[in-house]
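Nothing in this text is a laboratory measurement; each read-out follows from the coordinates by a stated rule. This one's a predicted model, so the numbers in the text were calculated from it and none came from an experiment. Positions of Cβ are generated from backbone atoms using ideal geometry, with glycine treated the same way; all protein chains shown enter the neighbour counts.
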Amino acid sequence: FIKPTLVNSIMPTNVERKLAAIMFTDIANFTALSARDENKALELLDKQSNILEPIIAKFKGTLHKKIGDGMLFTFQTVTEAIRCAITIQEKTNSVDKLNLRIGIHEGEVTLKDGDVLGDDVNVASRIEAFAPVGGIAISGKVQQDISSLPKYQTQFIDNPNLKGVSQDVKIYGIVSHNLPQPDISK
């Protein structure tokens, strides 16, 4: 039998678990751009940060890390994440070469030293690839959360086996707000 005070002293104090909406962004075709013109690719990363970071702050999101041409954020609510993602796509769709895909999932995450970790973070990173360029892919959990909000229309994309993920994840695309339709034939 371990006393509760011992359990608390074993757990690092800089670790916190919480429920969050998790968003990944990625620039489509960035690798090819980097291979052709590294300076333009670096300029595009700066442009992405300058556009996205104020939008994220407006919707009370937290930037946890930049991963190459991708960015990882969390939000307190799914609705804030969805509204933020739509705003991002509206603001970036006319910016040359800043062709974003966005994936959003909801789940329990571990926060440690400013980073966010956990299986649900992996899910969000995997579903981003299912978004069309300029679009938003969401998990079934997120789709359930917004299903009573008719202004957000969704379309089922797939129920794939996601690499490194043991959860059963259905993927939907947001098809309202002038977002591109997902190509479900792929």
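Quick notes on this one:
- Cα centre as origin, Lys/Arg/Asp/Glu Cβ charges: the stretch 91-186 dipole, Debye: 340
- Given [x] 8, 30, 32, 15, 6, 5, 3, 1; [y] 9, 36, 34, 14, 5, 2, 0; [z] 9, 32, 35, 19, 4, 1, the label whose value is P(r) over Cα pairs in 10 Å bins from 0, in percent derived from this model: [y]
- Segment LYS65-GLN167, extension gain: residue separation times 0.36 nm, minus the distance between their alpha carbons: 34.3 nm
- Label-point separation in nm, LYS47 to LYS97, each point 7 Å along Cα→Cβ: 0.7
- Cβ-based charge dipole, the stretch 110-186, positive-most Cα from GLY140, ASN122, GLN167: GLY140
- Eligible lysines near LYS112 by straight Cα distance, threshold 21 Å, same-chain separation 8 or greater: LYS18, LYS60, LYS65, LYS66
- Only Lys, Arg (+1) and Asp, Glu (-1) charged, at Cβ; the chain dipole about Cα centre in debye: 220
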